[in-house]
Amino acid sequence: MAGATMLQLQERVPLPRTAWKLADLVVLSLLLALLARRAASLLGGAAAACTWCWLAALVCEAWFTVVWLLTVNGKWNPVRFDTHPERLAERIDELPAVDMFVTTADPKLEPPTMTVNTVLSLLALDYPAGKLACYVSDDGCSPLTCFALREAAEFARLWVPFCRKHGVSVRAPFVYFSSSSGAGARDDEFQRDWTAMKSEYEKLVSRIENAHEESLARRGDGEFAEFVGAERRNHPTIIKVLRDSGKAGDGNGIPSLIYISREKSPRHQHHFKAGAMNVLTRVSAVLTNAPIMLNVDCDNFANNPQIALHAMCLLLGFNDEVQSGFVQAPEKVHGALKDDPFGNQMEVFYEKLGFGIAGLQGMFYFGTGCFHRRKVIYGVPPVSTDVQPTRMRVSPSHKELQKMFGSSKELIESARSTISGEMFVTVPTVDLASRTDVAKEVSAYSYEAATSWGQEVGWVYGSVAEDILTGQRIHAAGWRSALLNINPPAFLGDAPTGGPASLTQYKRWATGLLEIILSRNNPILLCISKHLEFRQCLAYLVLDVWPLRVPFELCYALLGPYCLLANRSFLPKPSEPGFVIPLALFLAYNLYNFIEYTECRLSARAWWNNHRMQRIVSSSAWLLAFLTVVLKTLGLSETVFDVTRKEQEGAPDGGDPGRFTFDSSPVFVPPTALTILTVVAIAVGAWRAVSGAAAEGAPAAGGPGVGEFVCCGWLVLCFWPFVRGLAGMGSYGIPWSVRIKAGLIVAAFVHFCTRN
Ligand SMILES: O=c1ccn([C@@H]2O[C@H](COP(=O)(O)OP(=O)(O)O[C@H]3O[C@H](CO)[C@@H](O)[C@H](O)[C@H]3O)[C@@H](O)[C@H]2O)c(=O)[nH]1
Ligand SMILES: [Mn+2]
């Protein structure tokens, strides 16, 4: 496809950022000045009043400087990728097939209508239908999900032609029907079709919502008989071919749809989403074996029907395939709450850091909205990294393949063609239903024993952030990746709202990242021993060190309250020469972040919410993640993947959905304690200042100054949701069990500060 005469399918456009580079350096110089000033004070004995406070502050500030350097490296050379799918128009016949994977794990947390919408949006993509197959993995083993998908397969017969005929722009029906109206339509025919379609969709939803697990399993037609007696964590594999596009009469231009609930046993580790993805990879290998795989979470519907074509521009558009081992779209939120109250919409993260990383070895794999080459997932290195072509790339023997991929003959043959084969070979169509026995064989939990699955092949095990871990392995093999930054955005998904769900998600991410840091797949080792580029390694560290930031950030946050309580100081006084450095740093850093938000067309409120959430997340979710991994390392517990609740409705009791909510989870204890402590410290400090000034006319020299008060005041502002939580009621109030634990911690800390 990469002929010289061909029009370019993509362009990699460097984005200038000279002013930002200057700003990066200004903040860096202030950080260095602060470190120098601190070191000088310590050496000169000027900090004698509280040497250890100054030392602790120096260590924390040195760490903040490292984090700043890592971030600056990540943002330094941003690029954008422009894609031209219209130039593919004449080559439609040559396009490679795409297997599309959707994962769902719990019909209560992830309503089947949501999964159905995601699936429908994929089935209706603008791409040759015969080249698409959609595989849904259901870790919930729910007859309801299976039933919903079967109904969706029927509904697709109407929906897909309707979308194509009328050029529907968003092909997830719930979005389409909530944002468009048939009235005032272009023509009568459209209006008729629209009305009929809407009513069909409503019937579909009501069939799904009125179905019950129990009665489905006991239905007379036996279609769901396999679910009888199947427990979620203990059941054999269930595979159902719900639509086979290759079958006469079944096809009519609609992609295949396959339901899979992999075998589970309570005695086995199933590796959560990574395990599910590996089963999908193997099942699809023996059924359709497309050279490209797309993976989305069940809530991430396709928002732009052209995504597969755009992705092909990046997968086929470079002269060298090494440039695009995978193509990742930024995660964007559907129906996002105004001003990002929970700091999880990640807009600035993608626009500033994401584009920057795209300019290095390439965008990280973020678990959803990503197109992989199948061979990349199979651990095959790109051509150019092979000084001596490895056998793995050229012609591995049957034995070697068996060792890596397991014993299934069909899987070995399909892996062989993937590894050495050409991307555009048309895969012989098989009758999918006739292959379900083979598919079941490769879905068994015992199949992976003594193979490379979960290590060098497939999604990598060992972290609940399997996405970052797997992406790191791919980059370490020498592949690069591209960013699919199209408009309208490729996929839209759900972001958790409320305190418990948002913090649980942050906690899982941080847990997974710490597991990566502690594993042999950490980026530093991959950089030394494999092909992970140095600057890409530093970029990975920006994310991977999240949980390692906890001790420093917590210590720094405690310095202010400690100094107020113990009548000490860790910052220079206004009368001292160094005072302007921390002041300038505080102002410059916050201004820098604030301007980033305005440049991304976000409000001042959004900036503040994110700034605040960063402090809250660090002292709650990241701290708990840190402790969880310590317990895991000691062999005292296991890490688990807590599935995020996907919510469509608003706030509890119809209140304000942006307001912070609480439950009795331990994540709320540390920030509650920090809030109470800071308020107490301000009160004690203020009382001492007032009474001291009255008695002596001037405060004691070693005691706190304006700097410590500003730090504590700022902290209280950041933790304002917790101040409100202490006064709030119901889910808006912090439960008593949390308050009591927090109170005990505060009492112990106050005792420690005031002991002498
Ligand atoms: O045992 C499990 C657990 C989860 N999932 C699926 O994994 C996906 C992600 O789970 P979710 O609870 O939505 O987590 P998020 O934090 O929103 O997901 C992000 O972070 C995860 C890593 O922590 C990645 O796996 C995801 O792809 C990425 O979107 C969902 O489709 C789940 O159905 C499974 O299939 N099996
Ligand atoms: Mn999700």
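The values are calculated or read from the model by the stated rules, or taken from the named source; none is laboratory data. No experiment lies behind these values; they were computed from the predicted model shown. Here the Cβ is made from the backbone with ideal geometry for all residues, glycine too, and neighbour counts use every protein chain on show. All accessible areas refer to the heavy atoms of the entire protein, side chains included, with ligands and DNA or RNA removed. Shrake-Rupley method; radii C 1.70, N 1.55, O 1.52, S 1.80 Å.
Between Arg724 and Ala584, what length in nm is gained on full extension when 0.36 nm per residue of separation is reduced by their alpha carbon distance? Don't skip to the answer; put the middle values down first.
Working: separation 140, 0.36 × 140 = 50.40 nm, distance 3.06 nm.
Extra length from Arg724 to Ala584 when fully extended: 47.3 nm.
Order of 446-452, 56-62, 335-341 by packing, highest average Cβ count within 10 Å first? Can you show the working numbers first?
Working: 446-452: 15.1, 56-62: 18.6, 335-341: 17.0.
Final packing ranking: 56-62, 335-341, 446-452.
Relative to the longest principal axis of the chain, what angle (0 to 90°, nearest 10) does the C-alpha long axis of helix 188-210 take?
The helix 188-210 is inclined about 70 degrees to the chain.
Amide H of Phe101 versus every other amide H placed in the peptide plane: which residues, excluding those fewer than 5 positions away on the same chain, fall under 5 Å?
Hits under the 5 Å cutoff: Tyr135, Leu294, Asn295, Val296.
Among DSSP bridges having both ends in the chain, what percentage is antiparallel? Round to the nearest 5. If you can, show how the numbers build up before the last one.
Values: 21 of 44 bridges.
For the chain, the DSSP antiparallel bridge percentage is about 50.
Let me have the relative contact order for the chain, percent, based on Cα pairs under 8 Å that are six or more residues apart.
Working: 1298 pairs, mean separation 124.4, N = 756.
Worked out over the chain, it gives 16 percent.
Which of the peptides 29-39, 367-377 is most tightly packed, and how do the rest follow, going by the mean number of other Cβ atoms within 10 Å of each residue?
On the way: 29-39: 18.3, 367-377: 24.5.
Order by mean packing, descending: 367-377, 29-39.
Taking amide hydrogens as modeled 1.01 Å from N in the peptide plane, which residues meet the under 5 Å criterion relative to Val333, leaving out close sequence neighbours?
Gly493
Report the rotationally averaged projected area of the chain based on its alpha-carbon convex hull, in square nanometres. Please report the intermediate quantities before stating the final value.
Working: hull surface 145.3 nm².
With every direction weighted equally, the projected area is 36.3 nm².
Provide the net charge surrounding Leu25, with neighbours chosen by a C-beta distance below 14 Å and charges set as Lys +1, Arg +1, Asp -1, Glu -1. Mind dumping the intermediate values first?
Details: positive: Arg17, Lys21, Lys75; negative: Asp24.
Net local charge, Leu25 excluded: +2.
What relative contact order, as a whole-number percentage, does region 16-170 give when Cα pairs under 8 Å and 6 or more residues apart are counted? Walk me through the numbers before you get to the answer.
Values: 102 pairs, mean separation 30.5, N = 155.
Averaging sequence separation for qualifying contacts and normalising by length gives 20 percent for region 16-170.
Going by amide H atoms built from the backbone, whose H comes under 5 Å of the H on Ala302, apart from near neighbours?
The list, which skips near neighbours in sequence, is Ser121, Leu122.
Which value results for Rg/Rh of region 56-97 when Rg is the Cα radius of gyration and Rh the Kirkwood radius based on the inverse mean 1/r?
Values: Rg = 22.3 Å, Rh = 14.6 Å.
With Rg and the Kirkwood Rh in hand, the quotient comes to 1.53.
Given only helices, namely DSSP H runs of n ≥ 4 each adding -39500 (n - 2.57), what is the per-residue ellipticity at 222 nm of the chain, to the nearest 500 deg cm²/dmol?
Computed ellipticity for the chain at 222 nm equals -15500 deg cm²/dmol.
Where does helix 549-566 land angle-wise versus the long Cα axis of the chain, in degrees 0 to 90, nearest 10?
Helix 549-566 sits at roughly 20 degrees to that axis.
With a sphere of radius 11 Å drawn around the Cβ of Pro266, what net charge do the other residues whose Cβ falls strictly inside it have (Lys, Arg +1; Asp, Glu -1)? All intermediate terms of the calculation are to be shown ahead of the outcome.
Values: positive: Arg232, Arg233, Lys264, Arg267; negative: Glu231.
Net of charged neighbours comes to +3.
At 7 Å along the Cα-to-beta-carbon direction for both Leu25 and Leu634, put a label point, then send me their distance in nm to one decimal.
If labels sit at Leu25 and Leu634, their model points lie 4.8 nm apart.
Could you work out the relative contact order of region 509-597, using alpha carbon pairs under 8 angstrom and six or more residues apart, expressed as a whole percent? Provide the component values of the computation, followed by the final result.
Working: 40 pairs, mean separation 18.8, N = 89.
Relative contact order for region 509-597 comes out at 21 percent.
Taking the chain as the reference, fit the longest principal axis to its C-alpha atoms, fit the long axis of helix 736-753 to the helix C-alpha atoms, and give the angle between the two in degrees, 0 to 90, nearest 10.
The helix 736-753 is inclined about 40 degrees to the chain.
Rounded to the nearest 0.05, what FRET efficiency is calculated for Asn252 and Ala33 with R0 set to 56 Å and r the Cβ-Cβ distance? Please report the intermediate quantities before stating the final value.
Working: r = 70 Å, r/R0 = 1.25.
Here the calculated transfer efficiency is 0.20.
Could you work out the local net charge near Phe719, counting Lys and Arg as +1, Asp and Glu as -1, over the other residues with Cβ closer than 12 Å to its Cβ?
Values: positive: Arg612, Arg615, Arg724; negative: none.
Counting the neighbours of Phe719, the net charge comes to +3.
Using 0.36 nm times the number of residues separating Ser417 and Lys399, minus their current alpha carbon distance, what extension gain do you get? Could the numbers behind the result be given before it?
Working: separation 18, 0.36 × 18 = 6.48 nm, distance 1.53 nm.
Value of the extension gain: 5.0 nm.
Place a +1 charge on the Cβ of each Lys and Arg in the chain and a -1 charge on the Cβ of each Asp and Glu, then give the dipole magnitude about the Cα centre in debye, rounded to the nearest 20. Show your work: numbers first, answer last.
On the way: 70 positive and 70 negative charges, 345 e Å.
With Lys and Arg at +1 and Asp and Glu at -1, about 1660 debye.
Report the extension gain between Val66 and Leu627 in nm, rounded to one decimal, defined as 0.36 nm multiplied by the number of residues separating them, less their alpha carbon distance.
Details: separation 561, 0.36 × 561 = 201.96 nm, distance 2.29 nm.
So the chain would gain 199.7 nm between Val66 and Leu627.
Determine the per residue accessible area of region 569-642 with all protein chains present and a 1.4 angstrom probe, expressed in square angstrom.
48 Å²
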